[in-house]
Each structure stands twice: as C-alpha cells, then as structure tokens.
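The values are calculated or read from the model by the stated rules, or taken from the named source; none is laboratory data. Remember, it's a predicted structure, so these values are computed and weren't measured experimentally. Note that each Cβ is placed from the backbone with ideal geometry, even for glycine, and that neighbours are counted across all protein chains shown.
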Amino acid sequence: MEEISITVRIADRQYKLSIGREEEEVFRKATKILADKLIEYAENYAFKDKQDLLALVALQYTTSSLQFEEQANFKDNNLVIRLNEIDKVLNENIA
C-alpha cells in the first residue's frame, strides 16, 4: 500500500495525515462532510467556540454509528436464524 501525505482542514485547523493512496478520496469526502456539518450546526445552535460544534458533530456521528451497528447486528442475527431454519428444512427433506 502506497502512503501519501495530505493536509486536511477541520474547524480552521490544518492536519497533516499519512494515508494509503486508495483512502484519499474517502478522507477528502469525510473532511467536506464534516465542514458542511460544522457550518450547519453553527447556523442552528448557539456556541462559544468551534470545540462546541465539534463536540455536537462527534456526538451525532457516534450516535449514528451505534445505531447502524445495532441494526447490522439485528440483521445478522435474523439472517443466522433464517439460515438455520433453511438448513433444518433441507436436512429433514434430504434424510
């Protein structure tokens, strides 16, 4: 994996990162989404500084991530149950 150095700007600060070349687009897109979300929060909520906005955005994305994990686990568990049911029916009909 070839690593490259990029600089991203988040909340008026620049961060130098070393990432895989194939990850660059994802990091750039994430940086853009984060910048847009910070602007949205700044327009809709009272805040003292950018740290407040970053905390709100972090909370939103962490909550979304947890909800997504719960949904994925639920679907995985249901899939295992269904596959076991199919396996049972197949085994009963083969014997």
From the option list GLU40, GLU25, single residue qualifying as under 15 Å from the mean Cα position of the chain (by Cα), modelled with pLDDT of 95 or more and of a type in the set (Asp, Glu) is GLU25
Considering only residues that are of a type in the set (Asp, Glu) and over 20 Å from ALA58 (Cβ atoms), look in segment 1-22 and name the one that is farthest from the chain's Cα centre (by Cα).
GLU2
The listed residue being hydrophobic (A, V, I, L, M, F, W, C) and in a helix (DSSP H, G or I), out of LEU79, LEU17:
LEU79
With respect to LEU53, determine if the residue is of a type outside the set (Ser, Thr, Tyr), in contact (Cβ under 8 Å) with a residue 24 or more places away in the chain, part of a helix (DSSP H, G or I) and surrounded by 10 or more Cβ atoms within 10 Å (Cβ to Cβ).
yes
Mind checking which pairs have a first residue in segment 15-44 that is free of Cβ contacts under 8 Å to residues at least 12 places away in the same chain and a second that is surrounded by fewer than 10 Cβ atoms within 10 Å (Cβ to Cβ) and of a type in the set (S, T, N, Q), Cβ under 9 Å, 6 or more apart or different chains?
TYR15/THR7; LYS16/SER5; LYS16/THR7
Name the pairs: first residue in segment 56-74 and assigned to a helix (DSSP H, G or I), second residue among the β-branched types (Val, Ile, Thr) and loosely packed, with under 10 Cβ neighbours inside 10 Å, Cβ to Cβ under 7 Å, at least 6 apart or on different chains?
none
